[in-house]
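The values are calculated or read from the model by the stated rules, or taken from the named source; none is laboratory data. All figures in this text were calculated on a predicted structure; none of them were measured in a lab. Methodologically, a virtual Cβ is constructed for each residue, glycine included, from the backbone with ideal geometry; neighbour enumeration extends over all protein chains shown. For accessibility, only protein heavy atoms count, side chains too; no ligands or nucleic acids. Shrake-Rupley method; radii C 1.70, N 1.55, O 1.52, S 1.80 Å.
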Amino acid sequence: MLDIRIFIIIAFFILFIGWVNYINLSTARSMTRAKEVGIRKSIGAFKKQLVGQFIIESVLVNLISAILAIGLAFLLLPVLNNIIGKELQFAILATTTFWGWFFLFIIVGSLLSGLYPAFVLSSYRPISMLSSNKMVRAGSMQLRKGLIVFQFLISIMLVSGTYLVYKQITFMKAKELGMSIENILVVRGPKVLINGPKVTDGTDMVQIRAANAYSRAKFLTFQEEVTDHHSIRGVTGSRLVPGQVQDINNVYLRIWGKAEDEGHQLWLVNTGMNFIKTFGLQLIAGSSFNTDMTDDEFVILNEEAVKTFGFGSAQDAIQQKITFGKTPITIAGVVKNFNWQSLKSPYMPMVLRFDGGANNFISFRLGITDLNQSLDHIKTVYNTIYPENAFDHFFLNTNFNAQYRSDVQFGKLFMGFSILAIFLACIGLFALVSYSAVLRTKEIGIRKVHGASTTKITMLLSREYLYLLLIAILLTIPVIIVWGNLWLENFAFRTYLGFDHFLIPVLVILSIALFTVGHKTLSAARSNPADSLRTE
């Protein structure tokens, strides 16, 4: 929901940039329409008629643009669906709410972008418009420069936001998780076990235990055969694998002997014998699960769980007993905190319970070489031991990083908005530079006659626009700091706003602005002074 609100605000700013460009381009074109307006006024046209004409032009431009925008949205909808990974449709077009907002934006946009040029152009005296030697100035240059500052302020903010999203995603993918998820192949455990006891809702406990014992025996046979391959470094079973949060057991545990209302909520995951080794968890106290342990009688905590129970240290927690029923469970070991879910969330208090039959998922730590051979070997053994089950597998790092898919999509959309905003801002800057260059045509000619070089004139014309960019940068810095830190608060583990976060967006915008300004000012500086001073 937050992402949607952010994009609505950005879309409005980009729309406003478009309106600003219309104002700049309309007033810049006033020199070409000055004689038209002068003739109309000299033959009796009233100011309100001229204002009405320009407002109607603005309405038509906005209306045609809106219709084209809907057409482009239809064409580009598959591209957007591909970026965000969802199937959006235009059902909203059938609602009166959409059309109400649609026409409201057209009216507001037409007035905002049309009123200023209309009043500026209609306010000229006919004599000044029809003079062949007099240059008509279209309104206040300070206002248009202020609008350019606003455009670049928005552009820098968007580029900065894009870089921040990219930096945070890169940080999350690169950060140590407290476990190793690289080169881990996960195979979904068998659903069907032939020749084993059938378990239904009415099955008694004797049959259930027999079925579990049969399942574990099959798994041990599979484990022994599959580890014959030289590149398989570890095998373990578990009810869930890292990255799976929705199906995790949220249990109420208390220290053995404490009252029932003195318990704590913790995450419980049933794991097999070699879970700690296979996933590279760091044991800091006690021991891992071993063959001497019995199912459901031993657990391993993480540091956050130790803190939740109030044990003084990891070593103090060893051999303590906890429970969520009437049977005590012994704490066999403590591991360092690890990120079971994405880095958006903090460390959770976790309990790993030993369960020799936990094989909903079978995880393999593979060597960095012979991956294909390892996969083929695992598949062959799996199909032999579990012939009636499909071999369904995935790599854990790919599955885990899928949690960041929405953030990647957010970054891509943000980048798209940034490119569009920069493009529109450069159009506005180019229009303003073009207008300014025409106004200063004679000044440029006189300076060249007096010996000014092309480089000096180019720097002279460019300097005032670089000042505008500098003002935009200074205004943007506090906004970036506030907004950036506010957005980063959504992540428990986050990057920081360093100097690069300000430097890179500024360099991007500065390079584009220099190219835009330099192209036009260089062209003006190279013009022949004889052409500009011919009428003097």
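Things worth noting here:
- Dimensions (Å) - the stretch 321-363, Cα atoms, principal axes, largest first: 36, 24, 18
- Sequence of LYS442, LYS191, LYS456, LYS218 when ordered by accessible area, the most exposed leading, probe 1.4 angstrom: LYS191, LYS456, LYS442, LYS218
- Residues in the stretch 488-496 carry Karplus couplings, in order, of 5, 5, 6, 10, 5, 10, 9, 6, 10 Hz; the curve used is 6.51 cos²θ - 1.76 cosθ + 1.60 with θ = phi - 60°, and Gly or Pro positions show x.
- Within the accessible area of the stretch 353-412 (1.4 Å probe), percent carbon and sulfur: 48 percent
- Of the listed residues GLU260, GLU57, the order by accessible area with a 1.4 Å probe, largest first, is GLU260, GLU57.
- Computed on protein heavy atoms with a 1.4 Å probe, the accessible areas place ILE8, ILE362 in the order ILE8, ILE362, largest first.
- Within the accessible area of the stretch 225-285 (1.4 Å probe), percent carbon and sulfur: 42 percent
- Averaged per residue, the stretch 376-476 has 48 square angstrom of accessible surface, using a 1.4 angstrom probe with ligands and nucleic acids left out.
- Filter on LYS258/LYS336; LYS307/LYS336; LYS258/LYS307; LYS218/LYS336; LYS145/LYS412; LYS191/LYS344 - keep pairs with C-alpha separation over 22 Å: LYS258/LYS336; LYS218/LYS336; LYS145/LYS412; LYS191/LYS344
- The figure for SER363 is an accessible area of roughly 0 square angstrom, using a 1.4 Å probe on the protein chains alone.
- Förster radius 51 Å - calculated FRET efficiency between HIS264 and THR96, Cβ distance, rounded to 0.05: 0.45
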